[in-house]
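The values are calculated or read from the model by the stated rules, or taken from the named source; none is laboratory data. Computed from a predicted structure; not experimentally measured. All Cβ positions, even for glycine, are placed from backbone atoms using ideal geometry, and neighbour counts span all protein chains on display. Protein only, heavy atoms only, side chains kept; ligands, DNA and RNA dropped before computing areas. Shrake-Rupley method; radii C 1.70, N 1.55, O 1.52, S 1.80 Å.
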Amino acid sequence: MSIEDHPAPRPVHNSETVHSTPIFDVVEDQVVLQEGGEPVTRAYLRHPGAVAIVAVDEQGRVLLLRQYRHPVGAQLWEIPAGLLDIAGEPLLETAKRELYEEADLQAERWSQLIDHLPSPGSTDETVRIYLAEGLTEVPEDARHPREHEEAEIITRWVPTAELVEAVLSGAVRNANTVIGALALQALRHRCGTEAGHQYTAGR
């Protein structure tokens, strides 16, 4: 049997939204986990989902943004990312918009790198990470104004090997960054691609 996640929903007798926020809802479901069993309560965050971007320049470096994250009270090094907060917007268009808004960049080549579930025990959030290549800067007079946490963003280009080492040492802990860095390293190993050459995620 192949190692592959597959849908296996359980019967839900009742579902109630107990709290709503601009980003997510807190939901309580009465769900039957075993056939013939009694319903049990499971609470989780209903989330719109998100995208993230591994942006790689011609030298094989990855773009990181340093941004303050209040829930953990820390400034984290992250790859660009954003919510699926515009109804009907395709995931790739959201990724292009986030790269433009957060990093003042556009990309000529896009490919799907990896999908992941950040915390499936507590939220239904899904994240798709894209690989962006062939980067160009957005002219200053066309850049998106940033506010709140994004107003303090600092950018840095980091060689892939250095980023992977930072991930493995625990110096960088943002989930999208960890997963994106390791996926990129695996892709480089699979393709035998050196810096300055185009990667192909193949999806």
Exercise for the section: Scan the range 28-51 for residues that are over 10 Å from Asn14 (Cα atoms) and part of a strand (DSSP E or B) and jot them down. Expected result: Val40, Arg42, Ala43, Tyr44, Leu45, Arg46, Ala50, Val51
Practice task
Within the range 150-169, track down each residue that is open to solvent by 40 Å² or more (accessible area, probe 1.4 Å) and of a type in the set (Gly, Ala, Ser).
Solution key: Ala151, Ala161, Ser169
Completion exercise
Every listed condition ((1) at pLDDT 95 or above; (2) surrounded by fewer than 17 Cβ atoms within 10 Å (Cβ to Cβ); (3) of a type in the set (Lys, Arg)) holds for Arg146 save (1)
Completion exercise
Restricting the range 1-10 to residues that are open to solvent by 80 Å² or more (accessible area, probe 1.4 Å) and among the hydrophobic types (A, V, I, L, M, F, W, C), the one modelled with the lowest pLDDT turns out to be Met1
Handout entry: Which listed residue is out of contact with any Phe, Trp or Tyr (no Cβ under 7 Å at 6 or more places or on another chain), farther than 23 Å from Thr160 by Cβ, touching a residue at least 60 places away in the same chain (Cβ under 8 Å) and among the basic types (Lys, Arg), from Arg69, Arg10, Arg42
Key = Arg69
Completion exercise
The correct count of residues that are open to solvent by 80 Å² or more (accessible area, probe 1.4 Å) and under 27 Å from the mean Cα position of the chain (by Cα) in the range 11-59 is 7
